[in-house]
1. Could you list, in sequence order, the residues of the range 151-160 that are within 19 Å of G687 (Cβ to Cβ) and either in a loop (DSSP other than H, G, I, E, B) or more than 23 Å from the chain's Cα centre (by Cα) (or both)?
2. Out of curiosity, is V449 aliphatic (A, V, I, L, M) and either exposed (fewer than 15 other Cβ atoms within 10 Å of the Cβ) or part of a loop (DSSP other than H, G, I, E, B) (or both)?
3. Does the range 476-484 contain at least one residue that is free of Cβ contacts under 8 Å to residues at least 60 places away in the same chain and either of a type outside the set (V, I, T) or at positive phi (or both)?
4. Do you know which residues across the range 626-653 are part of a loop (DSSP other than H, G, I, E, B), at pLDDT 95 or above and not hydroxyl-bearing (S, T, Y)?
5. Within the range 22-37, identify whether any single residue is modelled with pLDDT of 50 or more, acidic (D, E), under 21 Å from F656 (Cβ atoms) and surrounded by 12 or more Cβ atoms within 10 Å (Cβ to Cβ), and answer yes or no.
6. Restricting to the range 372-401, name every residue that is farther than 29 Å from L453 by Cα and either among the β-branched types (V, I, T) or touching a helix residue (DSSP H, G or I) at 6+ places or on another chain (Cβ under 9 Å) (or both).
7. Mind listing whichever residues of the range 201-222 are of a type in the set (A, V, I, L, M, F, W, C) and surrounded by 21 or more Cβ atoms within 10 Å (Cβ to Cβ)?
8. Read through the list (1) assigned to a helix (DSSP H, G or I); (2) under 19 Å from the mean Cα position of the chain (by Cα); (3) more than 15 Å from Y73 (Cα to Cα); (4) not basic (K, R), then give the number of the only condition that E658 fails.
Amino acid sequence: MKQLNWWLPLAAFLLTIASCSDMNKSIKTLKQSDFPAPPMAEVRPDTFFHLGQQRIDNYYWLKDKNDPKVIDYLQAENAYTNTVMSSTKELQETIYKEIVGRIKEDDESYPTYSDGYYYYSRTEKGKQYRTYCRRKGSMEAPEEILFDLNAMAEGKPAFIFGGYSVSPDNSKVAYLFNETGSYAEFVMKIKDLESGEETGFTLIGAASVAWANDNRTLFYSTIDETLRSNRIYRQALGEREATLIYEESDARFSAYVSGSKTKEYIFISSASSTTSEERFIPADRPLEPFTIFLPREQGVEYTVYAHKDHFFVRYKDKEKLNGMIYQVPLDAHADKSQWKEVIPHRDDARIDAIDLLKEYLLVERRINGLSEISIIPLAGGETTIISFPEPVYTASLSGNPEYDATTFRYSYTSLNRPATLYEYNITSGETVKLKEQEIPSGFNPEDYVVERLWAEAPDGVKVPMAIVYRKGLKRDGSNPALLYSYGSYGNSSDVYFSASFYSLIDRGFVFGIAQIRGGSDLGEQWYEDGKLLKKKNSFTDFIACSEKLIADGYTSPDRLAAMGGSAGGLLMGAVVNMRPDLYQTIVAQVPFVDVVTTMLDETLPLTTGEYEEWGNPNEAEYFNYMLSYSPYDNVEAKDYPNILITGGINDSQVLFHEPAKWTAKLRALKTDDNILLLRMNMDSGHGGATGRYDGIKDTAFEFAFILNRVGINE
């Protein structure tokens with residue numbers, strides 16, 4: 001095809017005829033051939049040579065969103081997607097209303113007390129975004145609206161709020177936002193909370209911020225052209241010029257600034273995927289030079305937590321991957337001989353998080369994939385452990401911002417248990433439920449069964465997954481199923497209650513979450529065994545979980561769908577190349593599928609820092625390994641399942657051209673008659689639509705695709 005412009009009027013015509021009665025019939029049995037031909041991207045071969053190998057990329061040209069023909073192609077794909085999905089409009093609307101019915105539209109977060117104020121946020125029916133508020137002294141005091149995101153987002157196609165930081169005297173607030181839908185490029189402004197007016201301070205490209213105790217000096221980090229947070233500045237309000245105080249020169253590392261819970265220190269944290277280093281100054285002496293806490297050592301990661309009497313350090317190295325905790329003297333932080341081990345390393349327990357109170361150390365640990373919370377008295381005494389009886393759940397520390405507190409909060413959820421916030425009183429041992437996620441349309445956990453299954457990977461490793469389904473389900477292979485996972489960066493695929501997924505479960509689906517290698521679900525070694533030259537374990541683990549569902553009669557290949565996003569989209573691309581026969585439908589959300597080309601381009605955002613996750617493609621061993629699984633590079637002329645691919649034009653994590661190129665190549669090579677759709681958000685980025693109702697519409701669209709493909713249209 002010589003050009004793409006011809007497709008636009010044809011696409012408009014197709015949308016028109018889609019409203020006709022003969023197009024509104026159920027398309028559950030329809031295939032690609034039942035629709036006019038999909039858009040085919042122009043083939044423009046680009047030839048690349050690397051490490052003695054030649055690669056030809058027919059769709060490299062699709063990376064330039066300033067090229068009108070690229071935009072034409074994306075719009076043609078969107079038009080085709082709308083045409084194919086036109087008969088599911090009623091189903092999409094039904095699912096949308098179901099999901100909205102399961103959320104409390106007028107809702108308010110449980111307030112958190114900090115520095116004399118109760119902070120909370122609320123949502124209002126019909127409004128896309130939250131409103132952030134506070135009250136002084138008590139919840140009966142007059143409400144101060146800090147940020148009405150609905151007003152801030154008015155007229156904007158996308159809006160992301162990046163959080164805020166209040167000055168120590170509660171008089172000013174620094175906040176971050178963007179209007180592009182990108183999660184890496186933020187504007188920072190400062191508002192005077194006494195007057196409610198902006199101070200006139202504006203910074204484009206901010207990534208983090210911390211206040212000094214003088215209430216006028218700010219420390220902040222900024223991003224470079226690759227969106228890496230690499231420079232730390234100091235600037236006093238009213239000063240026109242900022243002072244550069246630290247620059248991270250190693251492209252693998254990113255640098256951020258933060259204040260300590262005790263408000264006594266400002267920290268600069270510089271970290272790669274495997275190594276970290278921290279610097280600090282007293283928060284009441286902002287002009288002092290920063291002191292290195294412990295010089296960086298390759299393969300050593302540590303995080304410093306300030307206590308008024310000691311520092312506490314969460315520490316891990318190559319030999320003790322699951323981490324340990326040290327107590328460190330304030331005046332001897334660089335002398336490791338004076339560090340006191342508080343919690344030793346355990347091969348069977350990964351330290352996920354810690355929090356400090358004046359008299360207690362709180363520790364969240366993951367054992368056999370499940371969390372427990374320990375309360376350790378700093379003055380000595382018996383450790384208290386909060387454990388949970390259910391076979392599959394997620395529990396996490398929510399802490400307490402007040403240093404002197406004797407209570408802390410934690411959250412709990414499972415596949416059939418709505419998220420619940422608890423407060424634990426350390427002195428009395430009592431637990432109080434503060435807030436439970438409400439399901440206005442009604443929900444009974446006892447109507448559903450939750451199981452933990454173990455699949456066997458090709459190398460004999462047992463891989464866990466959690467599933468949920470309605471009671472009475474027959475294991476005869478006839479049930480539709482959706483399996484989800486992520487499996488990268490050490491991010492665990494924790495189970496959680498989803499108001500959305502019950503639109504599938506209540507229609508007979510088995511919903512599962514596979515906890516594959518590449519995450520840290522079973523400890524840090526679980527992560528190490530699914531990265532770099534072991535990355536394929538993530539893919540074969542997911543395939544093993546899929547085969548387990550089929551072998552045990554929960555579903556069958558012609559009823560099994562799979563879903564993953566970002567690096568989970570890479571997972572989808574890899575498994576569909578390896579075992580296309582295993583799945584009926586694939587949903588790949590903003591998928592990282594062009595691994596080799598992206599990792600070879602150091603000018604792209606967030607690339608060089610990824611070498612410790614995927615490998616350095618300038619080394620032959622890593623280049624060849626990446627090339628062997630990169631989804632885009634391994635598309636073949638063969639049958640593929642139904643596939644829905646999503647992307648965002650302003651995506652800074654996975655640039656839009658990756659899903660676009662992958663779609664184009666699949667269209668050109670696949671030999672089946674199944675449906676292949678690309679849905680590109682032309683206003684937003686990595687997270688899709690930024691408003692909550694618009695996000696639900698995106699979910700309803702994806703679920704309607706899955707349901708339609710397995711033959712459920714009601």
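1. Start the filter on the range 151-160 by keeping residues that are within 19 Å of G687 (Cβ to Cβ), which leaves 152-153, 156-160.
Correct list: M152, K156, P157, A158, F159.
2. Working: aliphatic (A, V, I, L, M): yes; either exposed (fewer than 15 other Cβ atoms within 10 Å of the Cβ) or part of a loop (DSSP other than H, G, I, E, B) (or both): no.
Here the answer is no, as V449 does not meet what is asked.
3. So the first thing to find is which residues in the range 476-484 are free of Cβ contacts under 8 Å to residues at least 60 places away in the same chain, and the list is none.
Checked the range 476-484: no residue is free of Cβ contacts under 8 Å to residues at least 60 places away in the same chain and either of a type outside the set (V, I, T) or at positive phi (or both).
4. So the first thing to find is which residues in the range 626-653 are part of a loop (DSSP other than H, G, I, E, B), and the list is 630-631, 635-641, 649-653.
Going one step further and asking which of them are at pLDDT 95 or above, we end up with 630-631, 635-641, 649.
Once the filter is applied, which keeps residues that are part of a loop (DSSP other than H, G, I, E, B), at pLDDT 95 or above and not hydroxyl-bearing (S, T, Y), the range 626-653 yields P631, V635, E636, A637, K638, D639, P641, I649.
5. Applying the first criterion (modelled with pLDDT of 50 or more) to the range 22-37 yields 29-37.
Those left that are additionally acidic (D, E): 34.
Those left that are additionally under 21 Å from F656 (Cβ atoms): none.
No - not one qualifying residue is present in the range 22-37.
6. Taking the range 372-401 as the starting set, the residues that turn out to be farther than 29 Å from L453 by Cα are 375-384, 399-401.
Result: I375, I376, T383, T384.
7. Here is the first cut: in the range 201-222, the residues of a type in the set (A, V, I, L, M, F, W, C) are 201, 203-204, 206-207, 209-212, 218-219.
Those that are of a type in the set (A, V, I, L, M, F, W, C) and surrounded by 21 or more Cβ atoms within 10 Å (Cβ to Cβ): A206, A207, V209, A210, W211, A212, L218, F219.
8. (3)
The values are calculated or read from the model by the stated rules, or taken from the named source; none is laboratory data. These numbers come from a predicted model, not from an experiment. A quick note on method: Cβ atoms are made from the backbone with ideal geometry, for glycine too, and the neighbour counts reach across all protein chains shown.
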